[in-house]
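Notes to accompany the following structure.
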Amino acid sequence: MRSGRILVTLLIGLGVIGAIVTGQEAYSRLLYLGVLIVLVSAAWTWLVTRPLRVQRTTRSLRANVGDMFEEHFEIHNASVLLNLWIEVANETTIPGAAGSRLLTLVGGRQKRTYTARSWLTRRGAFPLGPTALTSGDPFGLFRARRQFPAHESLIVLPNIFEIPSFLSPPGLLPGGQVIRRKASDVTPHASGVREYVPGDPMKRIHWATTARRGQVMVKEFEQDPQAEVWLFVDAQETVHYQKESSAAEAASVDPLLFKLDAFLLGRRPDFHLPPSTLEYAVTISASLAHYFLGQNRAVGMITSGRAYTMIPAERSERQEGKILETLAFVEAEGSLSLAGLVAAQGRGLPQGSSAILVTPSVSSELLAAVDDLQRRHLRPVVVLIMSETFGGPSGSERIIASLGERRVPVCPIYCDADLGMALASFSATYHVQDNHVWQRPPLPHLT
């Protein structure tokens, strides 16, 4: 409101100069009028800004990368005065977040509501705020700002690609004999009953035997013959790469198309992963966890980014939530190699379990990890992110050849590949027979 400031400045300046030079009363009145406008404007700004309130609500505090996040804003003018304009600034750290608006003519005791839709392009935790409300007087002389801190945070989980099928890891033993070892969890294989011990869950009580013997008896279970699936996510800092030149382009979207999809059609635009080996590794791990848990497999995960993390293998939707939430915060800041991860945790994995190694590494550490797993009678499967297509060093083909000599299945992942199709087509090149993985011979060319 530059014109209002110029007008008041002219009134005060003309009044001062005229009163000094001529001494006429008219100039003094101009001076008084200018001062009065300043005082009234200052009081007005304080009165209309101090009672402002904002409330932000959302249906869920969990979302996935690529989702459209909806948030409801409610601006309340608790003053009895008309507020000519209110500037709402959404100062959250969500990249490209919507929600900043300019509201006009908000009456006394009136509320204004609107819905903001933000396209989530980065995983992690983001506070829903702070929110800043700015208002002022009609002349534009003063502006007052109120900032409201964030009370909630949004957890953005990794994107999940639906996988139609994946290679059944050779560690899975469908139809095999029950593993004669007591399990701490409830499995489909009950082996007997024993007396209740304080700490046993109520769901394990066998009520018929309890009533017959007159004392509380609980069921004992043996391990499921289907071995566990373990995801080893390589987060070592020195093995990850990203195409710096096109990273911004990968997460960008045409603003006009975004508004059309988000606000008019209510759908999210097409999302493309940034060309980063870490983002591909995290997304692949999340998609595989979702796939195997959907197949009722026990899935565990091991990674070492900022901190060493091991999630024990379980079957449940809650397990998927734990894995996805852990992956949401994985960063390529680890110093422990993939071989170090296997050495640290491999001895604790049941024999016959499948270990899926997700890595862009082209060093001998990967081969050492595979050899260690095979010595422990574990079944490795390697999802190899081809680092040279992400601006990293070459050598992936050499690693694939070395893994082929060890009869280890390898799924190569290239930059800009459709991850769902790449992981699904990988399973068509291998088959499981006699608890071993064999590569299918290439189809003969027709002449």
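The values are calculated or read from the model by the stated rules, or taken from the named source; none is laboratory data. Everything numeric in this text was worked out from a predicted model, so none of it was measured. All Cβ positions, even for glycine, are placed from backbone atoms using ideal geometry, and neighbour counts span all protein chains on display. When the accessible area is computed, the model is the full protein with side chains, heavy atoms only, and any ligands, DNA or RNA have been set aside. Shrake-Rupley method; radii C 1.70, N 1.55, O 1.52, S 1.80 Å.
Taking 0.36 nm per residue of sequence separation and removing the Cα-Cα distance, the Asp200/Ala307 pair yields an extension gain of 35.3 nm. Straightening the chain between Asp418 and Glu397 buys 5.5 nm, computed as 0.36 nm per residue apart minus the Cα-Cα spacing. Using heavy atoms of the protein chains and a probe of 1.4 Å, the accessible area assigned to Trp44 is about 70 Å².
Close amide H contacts of Phe148 (hydrogens built in the peptide plane, cut-off under 5 Å, sequence separation of 5 or more or a different chain): Thr131, Ala132, Leu133.
Note on exposure: Trp85, Trp46 ranked by accessible area (1.4 Å probe, complete protein assembly) read Trp46, Trp85, with the most exposed listed first. The peptide list 274-280, 385-391, put in order of mean Cβ contacts within 10 Å with the highest first, becomes 274-280, 385-391. Rolled with a 1.4 Å probe across the full set of protein chains, the surface gives His377 an accessible area near 110 Å².
Counting 0.36 nm for each residue step from Glu74 to Gln147 and taking away their Cα separation leaves a gain of 24.8 nm. At an R0 of 45 angstrom, the distance between the Cβ atoms of Thr58 and Arg29 translates into a FRET efficiency of 0.25. For segment 132-139, backbone phi angles converted through the Karplus equation (6.51, -1.76, 1.60; θ = phi - 60°) give residue-by-residue couplings of 10, 10, 10, 8, x, 8, x, 8 Hz, Gly and Pro being listed as x. Phi-derived couplings, Karplus 6.51 cos²θ - 1.76 cosθ + 1.60 at θ = phi - 60°, listed residue by residue for segment 284-294: 4, 4, 5, 5, 5, 4, 4, 5, 6, 5, x Hz, with x used for Gly and Pro.
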